[in-house]
Amino acid sequence: MTQAGTFQPDPEVRCRDYTIGCIGAGMIMAECHLAAYRQADFKIGAIASRTRGNAAKVAERYGIPRVHDTPEALIEDPAIEIIDLAFPPDQQPALIRHALKQPHIRAILAQKPLALSVEEAARLRDEAKAAGKVVSVNQNMRYDQSMRVLKQIIDAGDLGEIVFAEIDMHAIPHWQTFLRDYDRLTLANMSVHHLDALRFLFGDPQEITTLTRKDPRTEFEHLDGITVSTLRFPSGVLAVSLEDVWSGPRQEGYEDDQHIRWRVDGTAGVARGTIGWPTGAPSTLAYASTKTTGGKWVEPKWETMWFPHAFIGVMEQLQYALKTGTPPALSIEDNVKTMALVEAGYRSIAEGRTVRLSEISIN
C-alpha cells in the first residue's frame, strides 16, 4: 500500500552518458525532446532534418555543435551513439534500418507509430534483434506524471480489484501535414497514446471493439476521425478509450471545453484525473481508497508536465538500458503489441465486429 507523499511522478535520471543525434526539427523535437534534454543535461552531439536551414535554427537555439545536411549523414557520424528520431512513420523504417547497419550506433529511439503497419513493425523488431541494437519507441504518455502515479497506486493494491477504466479525450490536435497522405488518422496517431497507456496499466487486452466516424472539421480525407474503443482484459477489466477530435465549434468568442480526463474504478477505491496537454498545465490525479485514505479524496501535487518533462524519462530509460544491459522500459518488442492493438482496432472498424488480439499475427 502507498501513502501520499511517497509517489514518484517523475523518474530519477540514472544515466546521461551517451551522445545523442537528433533527426527532425519540427515542434515535437524543438519544443519537447530538446527542451527536456536540456533540463536533464543530456549530451546532444548533432542534429539533421529534411531541411538543413530548419535544423540549423534549432541547433542555434539549443547550442547543438553540428548540423548535418541529411538524416543519413547524421546516422553515419561516428561520434553519435543514440539516434533520436522525430520523423513521419512512412520514412522512419528506412532510417532505422540505416542506423542498424552502423557499428557506432548503439541504440535508437523511434517515434510512434513505429510504422504504417504491424507487419512492418514486427520486421523492424526482428531486424533490431539480429543487429544486436537496442530500439525503443517513444510512448511518452507512460511517463505522464498522472499515469505514473496511477500505476503506483494500482500496483500497491490501494484500489482493490480493478473493475473499469476510461480515458475521455475532447481536444483538437494540430495534425501534422504528412498525415494528409495516409488513410489512417486518429486511431494510429492519437488513440495510440491511450491504448498504450491502458496496456501499461492493465496488461494486454483480449479483445477490442472500435467504432468511428469522420471528423467534419478535418479538411483532408481520412478513415477514422472520432473513435470509441472498448477493451476487455483477461483480469475482467473493461476499459473505454474515446478520442473526440472535433470538440465543439472553433470560432471567436466560443468558450470551449477541451480536455483529457481519465477514471479507474476498483473494489476498494477510485482514481480520477486529467492529462494537462490540451491546456498546457500539469496533469492531475485524485484518489480515494478504503485501504489507505480512509475513504477521503487525496490529491498528490507536482510541478512538471507531460510536455516536455515526460521526454526526460523516455530518453533516460534508453540510456539506462544501454548502461546496464537490461531491456528498455519502452522496448520495441512491447511496442509491437501496441501496434497489434491498433491494427485490431482498424480490423474492428472494417469488419464491424469485436476482434480478439489473438487474430493479429506478430510472430
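Just so it is clear, none of the values below were taken in a lab; they were calculated from the coordinates. Since this is a predicted model, take the numbers as computed values, not measurements. Here the Cβ is made from the backbone with ideal geometry for all residues, glycine too, and neighbour counts use every protein chain on show.
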Inset, instruction - Mind checking which lysines have their Cα closer than 26 Å to the Cα of Lys133? Skip sequence neighbours fewer than 8 apart in that chain. - result: Lys43, Lys101, Lys112, Lys323, Lys337
Legend entry - Whole-number percent relative contact order across the chain, with pairs defined as alpha carbons under 8 Å at least 6 apart: 20
Legend entry - Highest-first arrangement of 235-242, 352-359, where packing means the average Cβ count within 10 Å: 235-242, 352-359
Legend entry - segment 13-65: relative contact order as a whole-number percent, Cα under 8 Å and 6+ apart: 42
Legend entry - Computed lengthening from Glu12 to Val163, 0.36 nm per intervening residue step minus Cα-Cα distance: 51.2 nm
Inset, instruction - Between beta-carbons, use under 14 Å as the cut-off and find the net charge around Ala310, counting Lys and Arg +1, Asp and Glu -1. - result: -2
Inset, instruction - Calculate, axis by axis, the spread of Cα positions in the chain along the three principal axes, and write the results as whole Å, longest axis first. - result: 56, 51, 46
Legend entry - Nearest-20 debye value, segment 162-223 charge dipole, Cβ charges on Lys, Arg, Asp, Glu: 120
Inset, instruction - Determine the gain in length on full extension of the stretch Ala79-Lys296; use 0.36 nm per residue of separation and subtract their C-alpha separation, reporting nm with one decimal. - result: 72.7 nm
Legend entry - Estimated [θ] at 222 nm from DSSP helical runs (n ≥ 4, -39500 (n - 2.57)) normalised by residues in the chain, nearest 500: -8500 deg cm²/dmol
Inset, instruction - For segment 126-200, would you read off the P(r) tail past 19 Å as a percentage of all alpha carbon pairs? - result: 55
Legend entry - Sparse-neighbour loop sites [GluC sites (Glu not before Pro); segment 193-224; at most 16 other C-beta within 10 Å; DSSP]: Glu219, Glu221
Inset, instruction - At most 14 other Cβ atoms within 10 Å plus a DSSP loop assignment makes a site exposed; report the longest stretch of the chain without any exposed chymotrypsin sites (Phe, Trp or Tyr not before Pro). - result: 1-219
Inset, instruction - Indicate, rounded to the nearest 5 percent, the antiparallel portion of the DSSP beta bridges found entirely in the chain. - result: 60
Inset, instruction - Give, rounded to the nearest 20 debye, the magnitude of the charge dipole that segment 1-152 has about its Cα centre when Lys and Arg contribute +1 at Cβ and Asp and Glu contribute -1 at Cβ. - result: 160
Legend entry - Relative contact order (%) - criterion: Cα under 8 Å, at least six apart; region: segment 5-122: 25
Legend entry - Three-way shape call for segment 209-363 based on the alpha-carbon gyration tensor, with the a/c threshold at 1.5: rounded
Inset, instruction - May I ask you to list the lysines whose Cα is less than 19 Å away from that of Lys301, ignoring any residue fewer than eight positions away on the same chain? - result: Lys151
Legend entry - Global geometry of segment 291-347, whether rounded, prolate or oblate, following the gyration tensor of its Cα atoms and the 1.5 cut on a/c: oblate
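Compute the Cα gyration tensor for segment 61-196, then decide on rounded, prolate or oblate, letting a ≥ b ≥ c be the square roots of its eigenvalues: rounded whenever a/c is under 1.5, prolate when a/b is larger than b/c in the other cases, and oblate in all that remain.
Prolate.
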Inset, instruction - Please sort 48-56, 124-132, 85-93 by packing, taking for each peptide the average over its residues of neighbouring beta carbons within 10 angstrom, highest first. - result: 85-93, 48-56, 124-132
Inset, instruction - Please name whichever of Gln91, Phe42, Pro308 sits farthest to the positive end of the charge dipole of the chain, dipole taken about the Cα centre and charges placed at Cβ: Lys and Arg +1, Asp and Glu -1. - result: Phe42
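Within 10 Å of each candidate Cβ there may be at most 12 other Cβ atoms; applying that plus a DSSP loop requirement, which trypsin sites (Lys or Arg not before Pro) in segment 5-38 survive?
Arg14
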Legend entry - Whichever aspartates and glutamates have a C-alpha closer than 13 Å to that of Lys214, once near sequence neighbours (fewer than 8 apart) are set aside: Asp183, Asp224, Glu243, Asp244
Inset, instruction - Can you pull the one-decimal nm distance between simple spin-label points at Gln39 and Lys323, each 7 Å off the Cα toward Cβ? - result: 1.9
